[in-house]
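The values are calculated or read from the model by the stated rules, or taken from the named source; none is laboratory data. Since the model is a prediction, treat every value here as computed from it, not as a measurement. Ideal geometry is used to build each Cβ from the backbone, glycine not excepted, and the neighbour counts take in all protein chains shown.
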Amino acid sequence: MVKYVVRRTAMVLPLLLLVSAASFLLLYLVPGDPATLLAPPDATTEFVEELRLHLGLDDPLHEQYLRYLWGLIRGDLGRSYLTNRSVVEELAPRFLATIELALASLLLSIPIGLVIGIGAAMKRGSLLDAFLMLSSVVGLSMPAFWLGLVLMLVFSLSLGWLPSSGRGDWRNLVLPAMTLSTWSIAIIGRMTRASMLEVLRRDYIRTARAKGLVEWLVLYRHALRNALLPILTVIGLRFGYMLSGAVITETVFAWPGMGRFIVQAIQSRDYPNIRGALMLLAASFLVVNLLVDVLCAAADPRIRSQQ
Amino acid sequence: MTTPRSLVFSLMLVLSMIVSACGSGATSVPPTVAATQAPADVPTQPAATEVEGGAAVTEPATQAPAPTEAPTVSGPAQTELIVALGTEISTLDFQRTSGEGLMVGRHLSNHLVFPDENGEIQPDLAERWEIGDDGMTYTFFLRQGVTFHDGTPWNAEALRWNLERALGPDSPPSLAKTWMGAIDYSSVRVIDEYTVELKTFEPFGGFLYSISNIGGGLMMSPASVDQWGDDVGTHPVGTGPYRLLEWIRGERLVLERNPDYWGEPPAFEKITFLPIPEATTRVLMLETGEVDVAVRIPTVEVERLSANPEINIIGVTVIRPYSIMLNTSQPPFDDVRVRQAANYAVDKQAIVDSLFLGQAEILNSPLPPGVPGYSPVGEYPYDLKLAKQLLAEAGYENGADIVIDCPQGRLVLDTEVCSAVGAMLTNAGLRTQTRIFGDYAQFLDSRTADTAAYNGTFFGWATGSLDPDGAFFPTLYSQNVGKRWNFSQYANPTADEQIMRGHSSLDWEDRAEAYLELQKFLWEDAPWLYLYSAKGFTGVRAGIEGVFVRPDEQILLYSARQTAP
């Protein structure tokens with residue numbers, strides 16, 4: 001098990017290197033000049049040239065990349081073009097805000113999603129099943145933009161229970177977490193149902209029932225544990241996705257997270273910020289992936305022995 | 001097996017982030033408009049007096065008496081003003097920030113001189129100034145007894161230091177460098193503790209507006225830069241009516257009243273700025289009362305919100321002359337008749353009525369109303385027959401194919417206006433292909449990268465400095481052909497002559513005459529397809545007055561107060 005974890009961890013580094021190169025190259029290929037955007041509206045062309053020189057944008061690409069890589073190795077992501085602050089300093093609070101929202105959303109969606117999925121699987125073919133699965137399709141299709149505004153209208157404007165936007169105490173967290181959870185609940189619910197149905201057909205479930213085990217023990221000890229792998233994978237992917245920032249939810253609720261940060265950085269071609277954010281996202285995605293793999297290995301001895 | 005999966009995911013992530021951000025520039029907040037009527041009862045500052053003999057001298061500002069009694073308000077008095085902005089402030093280094101950052105900056109510090117609500121230059125940190133006979137030498141007599149928030153005294157040395165930071169030989173490119181770029185730094189001379197003399201490179205009529213532009217010339221405490229270095233943008237120290245209390249990036253920025261302010265103390269103890277990028281959310285927060293002021297209210301919401309007794313909507317025409325800048329460097333718009341035909345071919349009234357619900361004015365001059373020197377000089381009524389006739393006279397009996405470029409999500413209703421204009425031009429025989437740029441960076445790049453690729457550009461150039469020079473010089477002066485903002489590639493000796501006359505003269509009468517001639521000429525020569533200037537809207541909760549929004553979209557809140565119930 002330890003060996004497995006170590007090996008999987010070691011693979012992260014070359015991947016990050018690849019991501020750094022890919023993001024660097026892509027930014028180079030994307031049209032749009034940071035100097036043009038940074039320069040004030042009335043700036044002369046000479047001014048823009050001077051700025052480009054100042055930012056080192058005229059240097060050969062490989063020089064720029066090596067300079068960036070050298071900084072990366074020393075843990076220095078550079079300074080934002082726009083704010084002149086170190087990228088690490090810029091990123092940290094955004095990432096924390098995003099983690100806060102993602103965790104809240106997961107806390108909301110995992111139990112609800114599991115209950116829906118198990119319930120639907122148990123009552124397969126019933127009216128309840130049809131209702132739950134229909135709701136999950138609605139949940140999957142609901143645009144975050146629309147849902148967020150509706151929640152705001154109801155809970156902030158009409159009822160006045162919750163603040164409509166911004167970050168503060170737990171009350172600010174409720175509406176964006178609900179918005180972000182709808183999709184997760186639906187997808188976790190559907191995956192749980194499918195996976196449970198798959199397992200419930202198995203012989204060992206029949207055996208368990210035949211030996212007179214109470215139904216909830218059959219479900220918990222035999223069915224759910226075996227159905228867990230695909231559910232874990234989906235939750236992991238979803239979490240990784242949420243860590244990259246939910247741009248629309250964050251914009252509607254003025255949540256100062258990664259999504260808004262990246263969009264803003266890309267629009268102003270703030271290269272150091274874009275690169276820093278992409279590295280952080282790739283790293284967190286890889287880490288989440290790693291965690292899921294390790295969890296799967298812990299849940300299923302077969303995975304460990306295969307390696 | 002898991003490794004390739006992770007790799008693919010990571011790369012997809014990188015790709016999708018970039019692609020999606022490029023594709024949907026519409027998420028950017030349109031830098032629209034906003035303006036309000038000047039509240040009638042805001043204390044006016046002493047006016048400048050004219051002195052003959054080539055030199056204008058301003059009387060020392062007589063200090064407006066501080067209010068001796070607090071406004072009588074029954075019930076709990078509101079001490080904090082909460083404002084929903086459209087963007088996040090990137091930095092409060094006054095010499096580097098832009099947009100709403102400068103607006104916040106104006107509450108934290110002062111300029112040498114600053115225009116009042118009628119757009120006339122008034123003393124600020126300079127008590128008065130003299131202009132030498134050469135029209136290039138300025139002597140500023142500084143206000144005495146002013147200190148920065150950190151206790152650093154405001155004096156000639158502080159001014160010299162600010163100029164050095166902006167313009168000195170080692171200064172990096174900055175916003176301040178642009179706005180104060182007219183100053184020859186090597187000529188700056190400290191005469192005594194409160195007197196500084198400096199020269200401009202050339203006589204420049206818009207000089208005082210340029211340095212008083214909200215986008216430049218805000219004074220910084222020299223000690224604060226020594227202390228914070230590169231991080232001074234997070235720790236701004238000025239001379240203004242407010243000082244920074246708390247700033248959590250992306251969440252809120254709180255200012256508190258500066259008890260030692262040299263001028264009139266503001267009524268509100270605190271101002272909190274919240275970055276709310278989504279306009280619908282701003283509107284909602286205004287309705288719930290979570291914010292007192294919300295910028296850039298969408299036009300479609302105006303009617304509904306106006307009916308709400310809790311909310312006042314203030315709208316004033318903003319100084320952006322929205323136009324299609326016609327590329328005069330190549331056919332068909334190298335021919336003035338085709339340019340005029342395009343002007344006749346578009347039904348401006350229909351656009352104003354259907355897209356702006358009447359909340360816009362059809363342009364009748366290349367200058368938008370609100371800029372000094374503006375004068376209505378003509379009109380291009382919708383006349384399809386005349387348009388076709390002019391096209392035929394120019395040899396385009398069979399019409400022509402043209403390309404019009406349009407930024408998306410950057411200006412109010414930009415793509416909607418572009419498709420409407422495109423359809424009307426096509427109808428007249430100028431078969432229009434509209435290229436939409438979702439990404440503003442790409443839009444700007446392609447203006448200068450290949451000027452032959454487009455025949456027109458939809459744009460509304462904002463006159464940054466509130467001076468007519470800022471309207472014409474960047475956009476229509478021949479030396480700016482091929483550079484940013486002269487998207488018409490316009491080079492005309494007659495226009496040049498008047499632009500430079502207005503640019504160089506220090507006598508307002510003379511300048512006004514030049515700009516009148518210029519407006520008439522440009523209207524006939526039609527380098528632009530003149531469309532409209534739109535209104536911008538700011539929402540303010542009932543019970544708050546004195547919010548002043550300049551016609552350049554900047555909002556000043558230091559005179560805001562609660563109305564007596």
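Would the stretch B:304-319 turn up any residue that is surrounded by fewer than 20 Cβ atoms within 10 Å (Cβ to Cβ), part of a loop (DSSP other than H, G, I, E, B) and more than 13 Å from every other protein chain (Cβ to nearest Cβ)?
yes
Among the candidates B:441, B:512, B:495, single out the residue that is over 21 Å from residue B:321 (Cα atoms) and not in a loop (DSSP other than H, G, I, E, B).
Numbers: B:512 fails: over 21 Å from residue B:321 (Cα atoms); B:495 fails: over 21 Å from residue B:321 (Cα atoms).
Exactly one of B:441, B:512, B:495 is over 21 Å from residue B:321 (Cα atoms) and not in a loop (DSSP other than H, G, I, E, B), namely B:441.
Identify all residues within the stretch B:406-416 that are under 24 Å from residue A:264 (Cβ atoms) and not β-branched (Val, Ile, Thr); write none if there are none.
Our first condition is that a residue be under 24 Å from residue A:264 (Cβ atoms); within the stretch B:406-416, this holds for B:406-415.
Of everything in the stretch B:406-416, those that are under 24 Å from residue A:264 (Cβ atoms) and not β-branched (Val, Ile, Thr) turn out to be B:406, B:407, B:408, B:409, B:410, B:411, B:413, B:414.
Residues are listed down the side, and each one gets a yes or a no for (1) buried (at least 21 other Cβ atoms within 10 Å of the Cβ); (2) part of a strand (DSSP E or B); (3) within 14 Å of chain A (Cβ to nearest Cβ); (4) not hydroxyl-bearing (Ser, Thr, Tyr):
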site: B:273; (1), (2), (3), (4): yes, yes, yes, yes
site: B:302; (1), (2), (3), (4): no, no, no, yes
site: B:324; (1), (2), (3), (4): yes, yes, no, yes
site: B:334; (1), (2), (3), (4): no, no, no, yes
site: B:344; (1), (2), (3), (4): yes, no, no, no
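Does residue A:65 satisfy being within 28 Å of the chain's Cα centre (by Cα) and more than 11 Å from chain B (Cβ to nearest Cβ)?
Details: within 28 Å of the chain's Cα centre (by Cα): yes; more than 11 Å from chain B (Cβ to nearest Cβ): yes.
Spelling it out, residue A:65 is indeed within 28 Å of the chain's Cα centre (by Cα) and more than 11 Å from chain B (Cβ to nearest Cβ).
Looking only at the stretch B:252-265, decide whether some residue is hydroxyl-bearing (Ser, Thr, Tyr), closer than 30 Å to residue B:150 by Cβ, within 14 Å of chain A (Cβ to nearest Cβ) and surrounded by fewer than 21 Cβ atoms within 10 Å (Cβ to Cβ).
First, pick out the residues of the stretch B:252-265 that are hydroxyl-bearing (Ser, Thr, Tyr): B:261.
From the residues that got through so far, the ones that are closer than 30 Å to residue B:150 by Cβ too are B:261.
Still in the running and within 14 Å of chain A (Cβ to nearest Cβ): none.
Scanning the stretch B:252-265, I find no residue that is hydroxyl-bearing (Ser, Thr, Tyr), closer than 30 Å to residue B:150 by Cβ, within 14 Å of chain A (Cβ to nearest Cβ) and surrounded by fewer than 21 Cβ atoms within 10 Å (Cβ to Cβ), so the answer is no.
Which residue is nearest to the other protein chains (Cβ to nearest Cβ), if the candidates are limited to the stretch B:57-106 and must be at pLDDT below 85 and within 12 Å of residue B:236 (Cα to Cα)?
B:96
Quick check, is residue B:284 in a helix (DSSP H, G or I) and not aromatic (Phe, Trp, Tyr)?
Details: in a helix (DSSP H, G or I): yes; not aromatic (Phe, Trp, Tyr): yes.
Yes: the conditions hold for residue B:284.
Checking residue A:169 against (1) under 30 Å from residue B:83 (Cβ atoms); (2) in contact (Cβ under 8 Å) with a residue 40 or more places away in the chain; (3) surrounded by fewer than 14 Cβ atoms within 10 Å (Cβ to Cβ), only one condition comes out false. Which one?
(2)
Can you go through B:232, B:254, B:293 and tell me which one is within 26 Å of the chain's Cα centre (by Cα), closer than 30 Å to residue B:154 by Cα and at pLDDT 95 or above?
Details: B:232 fails: at pLDDT 95 or above; B:293 fails: closer than 30 Å to residue B:154 by Cα.
After ruling out the rest, the residue left standing is B:254.
Being modelled with pLDDT of 90 or more and among the small types (Gly, Ala, Ser) is the filter; apply it to the stretch B:197-228 and report the residue that is surrounded by the most Cβ atoms within 10 Å (Cβ to Cβ).
That would be B:221.
Going by what's in this entry, would residue B:242 be described as among the aromatic types (Phe, Trp, Tyr) and crowded, with 23+ Cβ neighbours inside 10 Å? Can you show your working first?
On the way: among the aromatic types (Phe, Trp, Tyr): yes; crowded, with 23+ Cβ neighbours inside 10 Å: yes.
Yes.
Which helices (runs of 4 or more DSSP H) does the stretch A:211-307 wholly contain that include 1 or more residues that are away from every other protein chain (no Cβ under 14 Å) and over 14 Å from the mean Cα position of the chain (by Cα)? Walk me through it before giving the result.
Numbers: elements: A:225-243, A:247-252, A:258-267, A:271-299, A:301-306.
Qualifying helices (runs of 4 or more DSSP H): A:225-243, A:271-299, A:301-306.
It is to be established whether one or more residues within the stretch A:129-149 are within 14 Å of chain B (Cβ to nearest Cβ) and surrounded by 22 or more Cβ atoms within 10 Å (Cβ to Cβ).
So the first thing to find is which residues in the stretch A:129-149 are within 14 Å of chain B (Cβ to nearest Cβ), and the list is A:143-149.
Filter once more, so that each one left must be surrounded by 22 or more Cβ atoms within 10 Å (Cβ to Cβ): A:148.
Within the stretch A:129-149, one or more residues are within 14 Å of chain B (Cβ to nearest Cβ) and surrounded by 22 or more Cβ atoms within 10 Å (Cβ to Cβ).
Against the definition (within 11 Å of another protein chain (Cβ to nearest Cβ), surrounded by 14 or more Cβ atoms within 10 Å (Cβ to Cβ) and either under 24 Å from the mean Cα position of the chain (by Cα) or basic (Lys, Arg) (or both)), how does residue A:15 come out, yes or no?
Yes: the conditions hold for residue A:15.
Just one of (1) more than 7 Å from chain A (Cβ to nearest Cβ); (2) not in a strand (DSSP E or B) trips up residue B:245, so point out which.
Answer for residue B:245: the failing condition is (2).
For residues in the stretch A:81-103 being closer than 19 Å to residue A:181 by Cβ and surrounded by 19 or more Cβ atoms within 10 Å (Cβ to Cβ), which is farthest from the other protein chains (Cβ to nearest Cβ)?
Looking at the filtered set, the residue picked out is A:102.
Cβ-Cβ under 7 Å, sequence separation 6+ or interchain: first residue in the stretch A:65-86 and in contact (Cβ under 8 Å) with a residue 24 or more places away in the chain and on the phi > 0 side of the Ramachandran plot, partner among the hydrophobic types (A, V, I, L, M, F, W, C) and surrounded by 17 or more Cβ atoms within 10 Å (Cβ to Cβ). Which pairs?
Within 7 Å, the pairs are A:78/A:87.
In the stretch B:314-335, what residues are under 17 Å from residue B:422 (Cα atoms) and hydroxyl-bearing (Ser, Thr, Tyr)? Spell out how you get there, then give the answer.
As a first pass, look at the stretch B:314-335 and keep what is under 17 Å from residue B:422 (Cα atoms): B:322-327, B:332-333.
Once the filter is applied, which keeps residues that are under 17 Å from residue B:422 (Cα atoms) and hydroxyl-bearing (Ser, Thr, Tyr), the stretch B:314-335 yields B:322, B:323.
Within the stretch B:477-501, can you find the residues that are aliphatic (A, V, I, L, M) and within 14 Å of chain A (Cβ to nearest Cβ)?
Pass one, the stretch B:477-501, residues aliphatic (A, V, I, L, M): B:481, B:491, B:495, B:499-500.
The one that is aliphatic (A, V, I, L, M) and within 14 Å of chain A (Cβ to nearest Cβ): B:481.
Would you confirm whether any residue within the stretch A:166-180 is within 14 Å of chain B (Cβ to nearest Cβ), in a helix (DSSP H, G or I) and of a type in the set (A, V, I, L, M, F, W, C)? Walk me through how you get there before you give the answer.
Step one: filter the stretch A:166-180 for residues within 14 Å of chain B (Cβ to nearest Cβ), giving A:166-169, A:171-173, A:175-176, A:179.
Going one step further and asking which of them are in a helix (DSSP H, G or I), we end up with A:171-173, A:175-176, A:179.
Of the ones still in play, those that are also of a type in the set (A, V, I, L, M, F, W, C) are A:173, A:175.
Looking through the stretch A:166-180, at least one residue is within 14 Å of chain B (Cβ to nearest Cβ), in a helix (DSSP H, G or I) and of a type in the set (A, V, I, L, M, F, W, C).
Out of B:141, B:114, report the one residue that is under 18 Å from the mean Cα position of the chain (by Cα) and at pLDDT 85 or above. Outline the logic, then answer.
Values: B:141 fails: under 18 Å from the mean Cα position of the chain (by Cα).
The conditions single out B:114.
Name, by its number, the condition in (1) touching a Ser or Thr at 6+ places or on another chain (Cβ under 6 Å); (2) in contact (Cβ under 8 Å) with a residue 40 or more places away in the chain; (3) closer than 19 Å to residue A:98 by Cα that does not hold for residue A:270.
Only one criterion is unmet by residue A:270, namely (3).
With the condition being more than 14 Å from chain A (Cβ to nearest Cβ), under 30 Å from residue B:265 (Cα atoms) and free of Cβ contacts under 8 Å to residues at least 60 places away in the same chain, I'd like the strands (runs of 3 or more DSSP E) fully within the stretch B:107-196 carrying at least 1 qualifying residues.
Numbers: elements: B:113-115, B:121-123, B:126-131, B:137-142, B:183-192.
Hits in the stretch B:107-196: B:126-131, B:137-142, B:183-192.
Run down B:533, B:446, B:504 and say which single residue is more than 14 Å from every other protein chain (Cβ to nearest Cβ) and under 28 Å from residue B:426 (Cα atoms).
Working: B:446 fails: more than 14 Å from every other protein chain (Cβ to nearest Cβ); B:504 fails: under 28 Å from residue B:426 (Cα atoms).
On inspection, the qualifying residue turns out to be B:533.
Within the stretch A:71-80, identify whether any single residue is at the interface with chain B (Cβ under 9 Å from one of its Cβ atoms) and either more than 18 Å from residue A:264 (Cβ to Cβ) or surrounded by 13 or more Cβ atoms within 10 Å (Cβ to Cβ) (or both), and answer yes or no. Write out each step before concluding.
Our first condition is that a residue be at the interface with chain B (Cβ under 9 Å from one of its Cβ atoms); within the stretch A:71-80, this holds for A:79-80.
Within this subset, residues satisfying the condition of being either more than 18 Å from residue A:264 (Cβ to Cβ) or surrounded by 13 or more Cβ atoms within 10 Å (Cβ to Cβ) (or both) are A:79-80.
Scanning the stretch A:71-80, I find at least one residue that is at the interface with chain B (Cβ under 9 Å from one of its Cβ atoms) and either more than 18 Å from residue A:264 (Cβ to Cβ) or surrounded by 13 or more Cβ atoms within 10 Å (Cβ to Cβ) (or both), so the answer is yes.
Given the structure, is residue A:32 of a type outside the set (S, T, N, Q), at the interface with another protein chain (Cβ under 9 Å from one of its Cβ atoms), part of a loop (DSSP other than H, G, I, E, B) and in contact with a Lys or Arg (Cβ under 9 Å, 6 or more places away or on another chain)?
Numbers: of a type outside the set (S, T, N, Q): yes; at the interface with another protein chain (Cβ under 9 Å from one of its Cβ atoms): yes; part of a loop (DSSP other than H, G, I, E, B): yes; in contact with a Lys or Arg (Cβ under 9 Å, 6 or more places away or on another chain): yes.
For residue A:32, the condition - of a type outside the set (S, T, N, Q), at the interface with another protein chain (Cβ under 9 Å from one of its Cβ atoms), part of a loop (DSSP other than H, G, I, E, B) and in contact with a Lys or Arg (Cβ under 9 Å, 6 or more places away or on another chain) - is met.
What's the number of the only condition in (1) at positive phi; (2) under 22 Å from the mean Cα position of the chain (by Cα) that residue B:414 fails to meet?
The failed condition is (1).
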